[in-house]
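Following: one structure in structure tokens, then a few remarks.
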Amino acid sequence: MQDAHDIDLRLVADEIRACTACPLHRSARQAVPGDGSADSGIFFLGEAPGYHEDLQGKPFVGAAGQFLDELLAGIGLDRRKVFITNVVRHRPPENRDPLPEEISACHMWLLRHLEVLQPRVIVTLGRHAMGKFFPGESISRIHGKPRKTADGLLIFPVYHPAAALHQPALRDALHADFAALALFLATTPPTKEPEEKPVEQITLFG
Ligand code: URA
């Protein structure tokens, strides 16, 4: 049976598919709104769709996605029980980094997803996703540890799985980050803060 989250998620996905807020929709085949569910309260935020994601309309279905699946399975997480999306929802040409103005244009969809899903923790994959919450920080300094934003959002930054495909040393670091995430999830009760702010009042960095 569909719950309210599923219906809201489908509405947001339809809105994202119709988005023309930045020029990326012109070169991409289709939008990649995000995939998964609110079941676990865990929200994964990547960088941008690549070739395979653009083709299939789903996040993390290429080589980086296979590694992400392996990391999730390694800590007993089912991909269908977490939500996975990206900082930008259309593929940048030639897989270049998303531009600041593209990240800003896509910001409203992050807010919409957070509003619908109210996740317990946001796991940022790579530096672009980390930069939404901690601009100017270095991922090598803060990965693998939970950290709260000034607004009380709980962020768990990890390296990007694609980076580990090119730099074998990062593979071990990512496995260690996911082990730390598993420990954190197992030892932190999923409670909401009483003083939690509504999502629309939260400061994120576009
Ligand atoms: N890398 C990302 O950041 N996102 C995807 O969806 C795929 C690869």
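At-a-glance table
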| read-out | value |
| --- | --- |
| Residues of region 134-152 satisfying the condition of being more than 16 Å from the ligand (Cβ to nearest atom) and not in a loop (DSSP other than H, G, I, E, B) | Ser140, Arg141, Ile142, Arg147, Lys148 |
| Checklist (1) open to solvent by less than 30 Å² (accessible area, probe 1.4 Å); (2) more than 30 Å from Ser27 (Cα to Cα); (3) outside any strand (DSSP E or B) applied to Ile155, failing item | (3) |
| One residue from Val121, Val87 being of a type outside the set (S, T, N, Q), within 13 Å of the ligand (Cβ to nearest atom) and either open to solvent by less than 10 Å² (accessible area, probe 1.4 Å) or out of contact with any Gly (no Cβ under 6 Å at 6 or more places or on another chain) (or both) | Val87 |
| Among the residues listed as Ile103, Ile142, Ile122, the single one being without any contact (Cβ under 8 Å) to a residue 60 or more places away in the chain, of a type in the set (Val, Ile, Thr) and on the phi < 0 side of the Ramachandran plot | Ile142 |
| Selected residue (criterion: farthest from Gly65 (Cα to Cα)) from residues of region 153-169 that are more than 15 Å from the ligand (Cβ to nearest atom) and aliphatic (A, V, I, L, M) | Leu153 |
| Unmet criterion (only one of (1) within 16 Å of the ligand (Cβ to nearest atom); (2) in a helix (DSSP H, G or I); (3) open to solvent by less than 60 Å² (accessible area, probe 1.4 Å)) for Leu111 | (1) |
| Filter pass, Ser104 being within 13 Å of Leu204 (Cα to Cα) and either open to solvent by 20 Å² or more (accessible area, probe 1.4 Å) or touching a His at 6+ places or on another chain (Cβ under 8 Å) (or both) | yes |
| Counted residues, region 1-37 - those being among the hydroxyl-bearing types (Ser, Thr, Tyr) and in contact with an Asp or Glu (Cβ under 8 Å, 6 or more places away or on another chain) | 1 |
| Scan of region 39-57 for residues that are more than 13 Å from the chain's Cα centre (by Cα) and closer than 25 Å to Ile155 by Cβ, ordered by number | Asp39, Ser40, Gly50, Glu53 |
| Those residues of region 51-63 which are closer than 22 Å to Arg127 by Cβ and either in contact (Cβ under 8 Å) with a residue 60 or more places away in the chain or open to solvent by 10 Å² or more (accessible area, probe 1.4 Å) (or both), in sequence order | Tyr51, His52, Glu53, Phe60, Val61, Ala63 |
| Neighbours by Cβ (under 8 Å, 6+ apart or cross-chain): first from region 17-37, in a loop (DSSP other than H, G, I, E, B); second open to solvent by 20 Å² or more (accessible area, probe 1.4 Å) and small (Gly, Ala, Ser) | Ala21/Ala105; Cys22/Ala105 |
| Matching entry among Pro189, Pro194 (being at pLDDT 75 or above, open to solvent by 60 Å² or more (accessible area, probe 1.4 Å) and assigned to a loop (DSSP other than H, G, I, E, B)) | Pro189 |
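The values are calculated or read from the model by the stated rules, or taken from the named source; none is laboratory data. Since this is a predicted model, take the numbers as computed values, not measurements. Cβ coordinates were reconstructed from backbone atoms using ideal geometry, including for glycine residues, and neighbour counts include every protein chain displayed. Quick note on the areas: whole protein, heavy atoms, side chains included, nothing else; ligands and nucleic acids left out. Shrake-Rupley method; radii C 1.70, N 1.55, O 1.52, S 1.80 Å.
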